[in-house]
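Here is the structure we will look at, set down as structure tokens.
The values are calculated or read from the model by the stated rules, or taken from the named source; none is laboratory data. What you see is a predicted model, and the numbers here were worked out from it, not measured in a lab. For neighbour counting, all protein chains shown are included, and Cβ atoms are generated from backbone atoms with ideal geometry for every residue, glycine included.
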Amino acid sequence: MKSILLRNDIIAAQATPFGVSAIAAVRVSGKDCLPLALEFFSQKTGSASRTLEPASLRPRRLYHGFWKNAEGRWVDEVQIVFYRAPFSFTGEDMVEIFTHGGFLPVKMVLKTLFEKGARPAEPGEFSFRAFVNKKIDLIGAQTINALIHTASPSIEEVLARQLYDRQEQPIFDIRERLLGLSASLEVAFDYPEDHDAEHPDRIAQAVAKIAQSLEAVIEKAEIAERLNQGLSVVICGRPNVGKSTLLNALLGEDRAIVSEVPGTTRDYLSESFLFQGLYIRLVDTAGLRETRDTIETLGIRKTLELIDRADLILYLLDPEVDSNEEAPGMWESLRKKRKIILINKRDKYPETDELELAKALKGKIEALTDPNAGPDPVFSISALNRTGLSPLKERMKGILSEVSSVEEGTMWVPAFQIDLLKRAHTILWEGMERFRETGMYETLGQDLRETVEILDGITGRSFNEDILQTIFSQFCVGK
């Protein structure tokens, strides 16, 4: 947001979603935004109307009246509230105008403001001004944006708590510990005669403990971001075993094309939705088999990548297709994954006992099972007739609920900042090991300072303008 870094002009935007609704909100921020708004706002007294002077409005009080355009024509019945700087979201003078919902009332209110000098706000500009005016830090701004967009009930609680405990996040404690340790290093470097021989070991241990704390933050943040994006549930198996049919059955709609021709799905297909209170990303994949088809090979390669990142695998077996074939070597990557094995097309074997079907596929089931872990759950279903899905869904919910459990003190940050935290951890750990070998205080001090700089970049204490532009451009216009 480099182009507006030093701007303090008046900006305006709709702060509620576009469309028909009972009420819509327009947000206006910047010096002299109140006099501008009052040019078009009047209150009705009997049969007459009266305008208000800026000095007569009390902050944080709702005023009822009517809005007129530049030609003096009445546009809508509205309510306005004024926030005086610095006691507003942006830290500037701010006005919020509440109109009736719909397309025209908001459009006409904004039109009058723009004609008199206000500027349309850029995406995230209100939050950006709040950041510049130190009303929120960068983590707080991104938390608000994530809270607006998330569809995951599990992460919503984390984000809400993160807003409430803004200054109590573990990253701030780690930063203070790094600064304290840096100060100790400066003393040890300047006055080595004041410290005993064990001091380097105590320094190294302190760095190791901080690195361990940072590692714990990273592990929890990765879980939080995975929950925010949706737990990945990957449907896989050989071609034509009913993967696309199962996707449609779990979604309750025909999302994927179903064909009896093997290899129909050559790319993956995903759909995100709430599954029994959990936000998941259900993925239908290309069938796993040996093939010389270039496009199908690329699809299988992508399937293996999705399997590697999956939180849960639904692996389908078809008694007709799988009972007399050896498991390809590519299936070895499945063994250590969290999975449910599904014997599909139960409708074709109405007279066959489920145990007999499982027995016929015993070799395949064992090939998919990690010998060092317990047996994977096995269910017999008909994706086509949508039978046997209830116990499957219950088991899915149980497994995914374990995966989605969030520990106390979990901090959410977006994926690119998790990468920055990992970089900080690497610098810290490698610096500690180098210090153990060389005992050079100055070099370790440089590593600590570099780690602090990375943490400051994450919180926004120090920042790169290009990175800020990327972050805030992802916000909605009225936020």
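Structural remarks
- Among the candidates L421, L400, L392, residue that is buried (at least 18 other Cβ atoms within 10 Å of the Cβ) and closer than 19 Å to A211 by Cα: L421
- On the stretch given as the stretch 154-179, residues that are over 25 Å from A424 (Cβ atoms), over 12 Å from the mean Cα position of the chain (by Cα) and not small (G, A, S) total 2.
- Residue within the stretch 36-52 that is in the same structural domain as R119 (by TED's automatic domain parsing), outside any loop (DSSP other than H, G, I, E, B), farther than 20 Å from T90 by Cα and in contact (Cβ under 8 Å) with a residue 24 or more places away in the chain present: yes
- Annotation note: Cβ proximity below 7 Å between a residue of the stretch 216-242 that is closer than 19 Å to K302 by Cα and a residue that is crowded, with 23+ Cβ neighbours inside 10 Å and aromatic (F, W, Y) (sequence gap 6+ or interchain) occurs for C236/Y315; G237/Y315.
- Among the residues making up the stretch 8-60, those that are under 38 Å from the mean Cα position of the chain (by Cα) and charged (D, E, K, R) are D9, R27, K31, D32, R60.
- Of residues in the stretch 361-388 being touching a residue at least 40 places away in the same chain (Cβ under 8 Å) and surrounded by fewer than 18 Cβ atoms within 10 Å (Cβ to Cβ), the one farthest from E253 (Cα to Cα): A367
- Residues in the stretch 12-35 that are in a loop (DSSP other than H, G, I, E, B) and not aliphatic (A, V, I, L, M) were compared, and the one that is surrounded by the most Cβ atoms within 10 Å (Cβ to Cβ) is G30.
- Hits in the stretch 140-176 - residues which are touching a Gly at 6+ places or on another chain (Cβ under 8 Å), surrounded by fewer than 19 Cβ atoms within 10 Å (Cβ to Cβ) and touching a residue at least 60 places away in the same chain (Cβ under 8 Å): A151, P153, P170
- Residue that is surrounded by the fewest Cβ atoms within 10 Å (Cβ to Cβ) [pool: residues in the stretch 62-76 that are assigned to a loop (DSSP other than H, G, I, E, B) and small (G, A, S)]: G72
- Residue satisfying all of: in the stretch 254-292; hydrophobic (A, V, I, L, M, F, W, C) and part of a loop (DSSP other than H, G, I, E, B); modelled with the highest pLDDT among these: A286
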